[in-house]
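Report on the following structure.
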Amino acid sequence: MKKWKNNLHIIAVLVVTMVICVVMSLSPKKDTIYIEKNGYGETEEKIPLLLEREGEKREIELLVREQKLSEDELKLRIEEAFRFLSTHMKGENVSLEEVRKPLDFRLDYEKYPFELECVCDNSELVDREGMVCNTRKELLDIGYTKEEIEKGIPATIGITLWYGEEKFEKEIAIVVYEKEKSAQDEVFLRVEEALQKVENESRYLDGFFLPVVVDDVRIKRTDEKPITPLHVFLFGIILVALLVYRDRENEKKKKETRQEQLIRSYPWFLNELVLLMGAGMQPRNIFETIIKEYELQNSEEDYREALVCEIKGAVHALHMGMSQEKVYYNLGRRIGLTRYIKLMSMLEQSVKHGGKGMLEAFEQEEIQALEERKNLAKRYGEEASTKLLGPMIILLLVVMLMIMIPALWSFV
């Protein structure tokens, strides 16, 4: 019982639905079908219908056109439309006898289902949208004199209403006056006339000068873009940024060049150490000997320059009384490359614990350094060939053009 009470609303909906179905099936069938037409001026519509006879069916579409006005109603609507236009055409103007602002050529198409066309007998004065060309300059350009402009320019607006293929016409007279000018407009007009006068007086000259200020009106030329303080400031900011970027790039390039020189100098430096240590010379004396040999050679742009500068700093520190261990430690850290740090550590150990067995270690290191030198030379050779590839391609293109251009000219 409780279950039935919970589903009572469902049962009620089913009962109501069944009752409605029975009533609809027992109600007499209609003898007619009502189709509502669209209103005046609206589009036509296609209504789908199903035809049945003796078990055969066919679907068709009935073309239903919009409602059409009767002759009396059409005449009445036309008269109302013309009265509406005569009243509302003035727009924001005081009247059609004093037109200074745009005309309103709009029609209430819900009340008046007509196509509208408004044409002025002088299309340069009033266009089809109702815009009026009535500034002093525009009227003078059209060809009216100052006297005609001051008296008012008569014109006629031809109104045509279309209803299907039927046409109804009417003409409305208007008088166009010069557009009302504010005090600011008056000042600008005087300035414009003054500037035009200057131009007229210089008809036979190469050029003329215009004042920058006339009647408190500042004059600027808009087709030229003068350099302003803002432009100079922005240019200065960009230039400073480029200079900073250039300095950073130069510094980066110097570091890369220095590092490359130190890498290339390593086998030479190690070879000098092995030779001089094998001759029984002490490391501090070896550094001084390397500097003297380098200066005697006096070679420009030598790849050993960066390393020799660092060795000079180390020799100077030794002369100032710094211990050899500290000098070698600082030299390795100052150069910053792993191989030099390792080499300076070996020299530091040789000073602390004596040179026994160190010569063999240096010779082993020299062998590895020579192998690295071979690989480095091979890499430089590959880079050089790659750099030559661009000029070779350009030369190839030049040769091809030298061959092809005369050949093509011979066919012309």
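Against the conditions (1) more than 43 Å from the chain's Cα centre (by Cα); (2) open to solvent by less than 90 Å² (accessible area, probe 1.4 Å), where does K292 fall short? Just the number, please.
All conditions pass for K292, except number (2).
Give the residue, chosen from S95, S86, S70, that is under 20 Å from M131 (Cβ atoms) and free of Cβ contacts under 8 Å to residues at least 12 places away in the same chain.
Going through S95, S86, S70 in turn, just one is under 20 Å from M131 (Cβ atoms) and free of Cβ contacts under 8 Å to residues at least 12 places away in the same chain: S95.
Out of E169, E115, E110, which single residue is modelled with pLDDT of 90 or more and of a type in the set (D, E, K, R)? I'd like the intermediate steps shown before the answer.
Working: E115 fails: modelled with pLDDT of 90 or more; E110 fails: modelled with pLDDT of 90 or more.
Unique residue meeting the criteria: E169.
Given the range 295-412, what helices (runs of 4 or more DSSP H) lie entirely inside it while holding 1 or more residues that are at pLDDT below 75 and surrounded by 10 or more Cβ atoms within 10 Å (Cβ to Cβ)? Working first, answer last.
Values: elements: 305-319, 324-335, 338-353, 358-411.
Correct list: 338-353, 358-411.
Every residue in the range 157-169 that is open to solvent by 30 Å² or more (accessible area, probe 1.4 Å) and under 15 Å from L76 (Cα atoms), please.
W162, E166, K167, F168, E169
Kindly indicate whether any position in the range 203-226 is out of contact with any Phe, Trp or Tyr (no Cβ under 7 Å at 6 or more places or on another chain), under 27 Å from E129 (Cβ atoms) and of a type in the set (G, A, S).
no
In the range 262-272, is there at least one residue being in contact with a Phe, Trp or Tyr (Cβ under 8 Å, 6 or more places away or on another chain), hydroxyl-bearing (S, T, Y) and assigned to a helix (DSSP H, G or I)?
Going through the range 262-272, the residues in contact with a Phe, Trp or Tyr (Cβ under 8 Å, 6 or more places away or on another chain) turn out to be 262, 264-266, 270.
Of the ones still in play, those that are also hydroxyl-bearing (S, T, Y) are 265-266.
Filter again for assigned to a helix (DSSP H, G or I), leaving 265-266.
Yes, the range 262-272 contains a residue that is in contact with a Phe, Trp or Tyr (Cβ under 8 Å, 6 or more places away or on another chain), hydroxyl-bearing (S, T, Y) and assigned to a helix (DSSP H, G or I).
Tell me yes or no: at least one residue of the range 72-84 is open to solvent by less than 70 Å² (accessible area, probe 1.4 Å) and farther than 30 Å from I172 by Cβ.
First pass over the range 72-84, keeping only residues open to solvent by less than 70 Å² (accessible area, probe 1.4 Å): 73-74, 77-78, 80-82, 84.
Restricting the remaining residues to those that are farther than 30 Å from I172 by Cβ gives none.
Among the residues of the range 72-84, not one is open to solvent by less than 70 Å² (accessible area, probe 1.4 Å) and farther than 30 Å from I172 by Cβ, which makes the answer no.
The values are calculated or read from the model by the stated rules, or taken from the named source; none is laboratory data. All values reported here derive from a predicted model rather than from experimental measurement. Ideal geometry is used to build each Cβ from the backbone, glycine not excepted, and the neighbour counts take in all protein chains shown. Each accessible area value is taken on the protein alone, full model and side chains, heavy atoms only, with ligands, DNA and RNA left out. Shrake-Rupley method; radii C 1.70, N 1.55, O 1.52, S 1.80 Å.
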